[in-house]
Amino acid sequence: MEYRNVLTTCPYCGTGCNFHLQVLDGKLVGVLPAKGHVIADGGMCIKGWNAHAFVHDKERLQKPLIRKNGELVEASWEEALGLVAERLGKVKADNGADSIGILTSAKCTNEENYILQKFARAVIGTNNVDHCARL
Amino acid sequence: MSDRLTLLRETIERVLPEVEGVVALKQGPGGIVAPHLDLPSRPAELEALSLWPKYPVPDTLKIIQKAHPGAKLGVVCRGCEERGIVEMAKHAQIDLANVQLIGLECVTDEATFCRCYKPFTAHATTTVGDKIEGVPDPLADAFLAKSQEERLAFWKEQFLHCIKCYGCRNICPQCFCNVCALEDAIWVETGRLPMPLPPMYHLVRAMHMTAKCVACRECEETCPAGIPLAIQFRLMARDVQQMFGYETGAVIDQKPPQLLVLEEGDYAKTGLPH
Ligand code: SF4
Ligand code: SF4
Ligand code: SF4
Ligand code: SF4
C-alpha cells in the first residue's frame, strides 16, 4: 500500500503551472493542486487537471514506429534514432544545414527546449529553430 | 507545552503501530505541502509532517480505501475534513469502521482564512490542539446585505470570470458521482466561454452540493478566477438547516435529506449502509 504526491510541472503549456501527481501503488490516479506554488498557487486550467490521464492510456505509443512499405512497424529506439540521424545527415550533406528546421514545443520543459536549440545550432548547424508558442 | 506540530507527530507515532497507515500532510520539494500516506515501516517520513495548507484529505482517504478495502487507516483531519469523511461515509464513499480519526483543531488564523463557522472536530476521540470558536464570514455577510437585484448582478459578474476548469468539481471531496451531470452536454454546453447565463454548470453544482457541502472551501481556494464560491454553499447550508434540520458532518447516524425520499424498507433494498 503506497500513496504519494509527486510535485511536477504541467506538460501542456508554457505557463508552467506546478501540481501534484497522485500516485497510488505505482499508478497515476489523479492530479492535486500545489498550494503556495509561485506560478498558479493551487489553481490549474482544465488541461492541467487532466494531465495524468494520458500516462497509462491504452492507446499511448510505447515503442517507436517506422513506416516500411507504407506500413507502420514497431522498431527499437536504436533503429529509429539511427534512421533519423542517417536521414538528417543525408539531407544536410545534399542540401546544406539550412535546409533543415527544428520545431520544438511549449509542452517541453525549458531544459528540453534548450537541448533542441543546441542540437539545431551545434549539431545540425542552423539557426532555423522555432516553436508552437509563436504561432 | 509542545506546539501543535510536535503534538501531532507524537500522536501519529502512537497511532501508527495500530493501523496500516496514516493519511497526513507532508512537506515536499520547495516547501510545497501535499497529503501523504505515512507507513509504520517508514517512521522517518514523519520528519516532514506538516500542518498547513489544508488539502482535501477525505478524498485521499477515499482513493486509498477504494484500492485497499478493509485496510485500517488513520487520518489527520480538521473540522471540515472530519465533516467531509462523515458525509462521504453516509454516501458509501468511505468505510468509517476502518478509519481512526485524528482530529486537528484549527487556530484563529486558519479559521479567519477559511471564514469558518466550525473550526473543530466533533467525533474524533484522539485530538490535537484546543478547540476555538467559529468566526463570521464577512463575504457572506456582505452578500446578505445586498438587495435581490444586487445579488443577481454579483453572481453574474463573478461567473463571467469562470474559465470552466472544472477545478471546483474535481477538488471537492463531496463531488463523487460516477457519471457527472457537468459532463453532459444537455446541462453544460461545451466550447463556450464566458458561459451562457444562467450558468448551468454552477446551478447544477449548487443543487448537487445541497446537504452535502461541508464548507471546506477547497473549491474556492483552487478557483483560478477567484470566485468566492463558498458564499453560496454557506447560505444553502443555512437553508438546509432551517428546512430539514440537517447539518453536514454533525450527527453520524442522521441520514441526509436526499437519502430520505425512499421509505425505510425501500432504502434497505438499495444495499447502502445504515
Ligand atoms: S494547467 Fe493549464 S495554464 Fe497551467 S501549465 Fe497546464 S495547460 Fe498551462
Ligand atoms: S474550514 Fe474550518 S475546519 Fe477546515 S481548515 Fe478551515 S478553519 Fe479549519
Ligand atoms: S466548500 Fe466547496 S469543495 Fe468543500 S465541500 Fe463545499 S462545495 Fe465541496
Ligand atoms: S474553479 Fe472557478 S474557474 Fe474553475 S470551473 Fe470552478 S468556478 Fe469556474
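Keeping to segment B:152-186, report how many residues are more than 14 Å from chain A (Cβ to nearest Cβ), closer than 21 Å to B:I227 by Cα and part of a loop (DSSP other than H, G, I, E, B).
Total satisfying the criteria: 1.
Can you name the residue in segment B:102-117 that is crowded, with 23+ Cβ neighbours inside 10 Å and not β-branched (V, I, T) and, of all such residues, is farthest from ligand 1 (Cβ to nearest atom)?
My answer is B:G103.
B:I163 - would you say it is touching a strand residue (DSSP E or B) at 6+ places or on another chain (Cβ under 8 Å), at pLDDT 95 or above and either under 24 Å from A:G42 (Cα atoms) or within 16 Å of ligand 1 (Cβ to nearest atom) (or both)?
no
Go through segment A:5-107 and tell me which strands (runs of 3 or more DSSP E), entirely inside it, have 2 or more residues that are within 16 Å of ligand 3 (Cβ to nearest atom).
A:27-33
For segment B:187-231, which positions are farther than 22 Å from A:P33 by Cβ and within 12 Å of chain A (Cβ to nearest Cβ)?
Answer for segment B:187-231, where residues must be farther than 22 Å from A:P33 by Cβ and within 12 Å of chain A (Cβ to nearest Cβ): B:T190, B:G191.
Here's a check for you: in segment B:40-73, which residue that is within 13 Å of another protein chain (Cβ to nearest Cβ) and small (G, A, S) is farthest from A:F19 (Cα to Cα)?
B:G70
Could you list all residues from segment A:14-29 that are without any contact (Cβ under 8 Å) to a residue 24 or more places away in the chain and more than 7 Å from every other protein chain (Cβ to nearest Cβ)?
A:G16, A:N18, A:V23
So B:L37 fits all but one of (1) within 14 Å of chain A (Cβ to nearest Cβ); (2) more than 14 Å from A:E2 (Cα to Cα); (3) surrounded by 23 or more Cβ atoms within 10 Å (Cβ to Cβ); (4) not aromatic (F, W, Y); what number is the exception?
The failed condition is (2).
When you check A:R87 against the structure, is it away from ligand 4 (no atom under 16 Å from the Cβ), away from chain B (no Cβ under 14 Å) and more than 18 Å from the chain's Cα centre (by Cα), yes or no?
yes
Out of (1) buried (at least 16 other Cβ atoms within 10 Å of the Cβ); (2) free of Cβ contacts under 8 Å to residues at least 40 places away in the same chain; (3) more than 10 Å from chain B (Cβ to nearest Cβ), what's the single condition that is false for A:E59?
It is condition (1) that A:E59 fails.
The values are calculated or read from the model by the stated rules, or taken from the named source; none is laboratory data. Quick caveat, the model's predicted, so the values are computed rather than measured. Counting neighbours? That spans all protein chains shown, and the Cβs are built from the backbone with ideal geometry, glycine included.
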